[in-house]
Structure formats: C-alpha cells, structure tokens
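Inspection log for the structure reproduced underneath, given as structure tokens.
Only the coordinates and a few stated rules stand behind these numbers; no lab work does. Not measured: the values here are computed from a predicted model. Positions of Cβ are backbone-derived with ideal geometry, glycine not excepted, and every protein chain shown enters the neighbour counts.
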Amino acid sequence: MDKFSTYLKAIFGVQLALKAIDAKKAATLPYYLKVSYTLSEGIINGLTIIFAKLNNEKNATPALLEKQGEMLEKLLNAPVVFVFDKLEAYERKRLIEKKIAFLEPFKQIYIPSLMLELNNISKRKTEYEISNDKLTTPAQVAILFHLQVKSLNNLSLQEIAELLNYSRMTVTRIIRELAAFEFCEIKGGKEKFIEFKDQGKLLWDKVHSRLKSPVIDVWYIEVSIQVKQFLKSYDSALANYSELSEGRQATYAIGKDEFRRLKNKEFEGKINKKFGEYRIQVWSYNPLLLSHHKEVDCLSLFLSMEEDYDPRVQMALTEMINNIKWL
C-alpha cells in the first residue's frame, strides 16, 4: 500500500496516512470479501475512503467488482476504491465504462465523483484525468429536480436525501460533485446546505453539456402497458409539450430498478429486443421522481431526444424548452 500512498502524495501534495480497517467493521464482512481483499482506510480532507487491494487480480471481472464494491461500500459505509498493481488499457476502459473507482499507481486514478473532491485539495495540475466529464446519475437527478420540482437551495443534506430518495452518503457525494463543477457552493457549519450559483434557464444552459440521456436500454412489448411505474416518453411525451404529432408507436419510460423487478414477473415472456406495438425505454433513474404528469419531465425528455436530428423534432424540443416555467 505504500506505493499508492506515495503516488497520492506526489500528485496532490497530501500525505495519506493508511491504516487497516477497524476490527469491528472487518467483523461485519462475509468471509469471501475478507479473503479477496486487503482493506485499508485513509482520510483526506475529512473524507474516509476504503482502499481495496485485490489479492488475486486475475479473477477480478468488472461485473464482480461492481457487485462486491457495492457490498463493501454498504457494509463499511464509505466510498471504495480498488487498487491494482497493473492494468491493461482495455481493462481500465472496461472499469471506466462500469464507473468502477480504481487506482493504478503512477498510471491512472479514476473515482467518478470523489475524484472531483480530491482534485480540489491541490490547485496545481496533476497527471490524472477525469475520464468522464458528465455528471453522475444521482447528481444529474438532483439538478433536474432542483430545476423542475423543488428548489434544493438552503435545504439540509437530510432533507435532500428524503426528497430524492437517496442515502445521506450519496447526497454528500452529490453536493461535493456539484460544487467541484462550480454549479453550487457548500455552506453552513456542522449542518451543511447548498446554494446554486445560478437559477432557472441560466443554470440549465450551464449544466446542459454535463448531462446525458437517461435512456440506457430499449425493449418492446405487444400488450398494452398498464403499470403505474411507466410514463409516456419520446414523441409520445413530446407531442404533449409541443405541436409535434405523436408517432405511431407509443413509447414509455421506466426506471432501471423498477424495470428489473417487472422483467421477471409481469413482463416475463412478453418483452423482446426487436419489435412490438409499444416501445419501453429503460432509464438510469426513475422518471416518476421528476414528473407528476403522465409524461416524463421536459428536461430529461430533451436529453433523451437531443441527438434526433429530424428538423421537426428539433423545433419541437426548442418549443418545449422555451415554454418551461422555471423555478
């Protein structure tokens, strides 16, 4: 562990004092996690980070790391960074695609949200690169919620957590990330809150390039969709927000977690990847959180359709944005 401690000091000018994780915390871990990793914790700028050094790197697939990382993070209540002695370029690429935090000393360090916070410790240039300049999904949800549903200004972390249905730890990451991108400021003493630097359309114009389409998968189904977790999306929704006519194929959106629960129950044997009377968009977040209508929210809809270069669609999207009543 000394090698990557030296690496962090070299790029950030910060001495990271590592120690083995607390015995009580270690006792909560299942046996397979104890034998798979050498676990250490370090504190930088008041933030505790768990560094998980793999004991056998050959068996570490991205899917396995994703699953075990979530388990470690939940049990240890701290962000987890996987430490590798050596990674091939394609392996780093696969980890980044999965948004799995990792560190390869003197090669690359990638922590999707926390790295932004660590970068603020030193103002000088470093060797690492933020491989994805987009906001994480929770941060994107927070921004869209603030712009369309309810202002998050001057709310405590606990209040934001309850509104967004995220853990307090996730909300802590969100505000650090938004502050790192300079969209908001963190204020307060023991009880912290945020204050966005801009509001409404001006904030949207600044954050737009950092946001991504919520659509992560598409399925098709023949039978009519009657499940309450769905909202109209694509041109089925845009027709309600503009003069564009609704397309022949009705399209609905649903959050990935909700879809996963339905896939092997109500939809078992009914959905496919090729054709159907109805199109199902699976989103990275639950569209119900941002809309109280039968249609998905305007800004998520815009993000999901902005790369459709049909002039009629582009005109309708512009019309929709111009008609938004900003908070």
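Enter the mean projected area of the convex hull around the alpha-carbon atoms of the range 283-327, in nm², rounded to one decimal. Walk me through the intermediate numbers first.
Numbers: hull surface 14.7 nm².
Computing the convex hull of the Cα atoms and averaging its projections yields 3.7 nm².
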field: Magnitude of the charge dipole, the chain, Cβ model with Lys/Arg +1 and Asp/Glu -1, debye to 20
entry: 940
- prompt: Straight-line reach from K187: which aspartates and glutamates have Cα under 18 Å away, leaving out those fewer than 8 places along the same chain?
  reply: E117, E159, E177, E195, D198
message: With just the Cα atoms defining each centre, how far is the range 200-231 from the range 41-88? Give it in Å.
response: 31
- prompt: Which ordering of L157, L54 is given by a fewest-first count of other beta-carbon atoms within 10 Å?
  reply: L54, L157
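Going down the list K25/K98; K24/K256; K19/K206; K228/K273; K67/K212, which pairs span over 29 Å between their C-alpha atoms?
Details: K25/K98 27 Å; K24/K256 34 Å; K19/K206 41 Å; K228/K273 22 Å; K67/K212 24 Å.
Over 29 Å Cα-Cα: K24/K256; K19/K206.
Neighbouring Cβ atoms within 10 Å as the yardstick, rank H146, H293 fewest first. Could the numbers behind the result be given before it?
Numbers: H146 25, H293 12.
Taking fewest neighbouring Cβ atoms as first place, the list is H293, H146.
Among R173, R210, which comes first, then next, by fewest other beta-carbon atoms within 10 Å?
R210, R173
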task: Quick one: give the max-minus-min coordinate of the C-alpha atoms of the range 215-322 along each principal axis, largest first, in Å.
output: 40, 27, 21
task: Could you bin all the Cα-Cα distances of the chain into 20 Å bins starting at 0 and give me the percent of pairs in each, rounded to whole numbers?
output: 28, 54, 18, 0
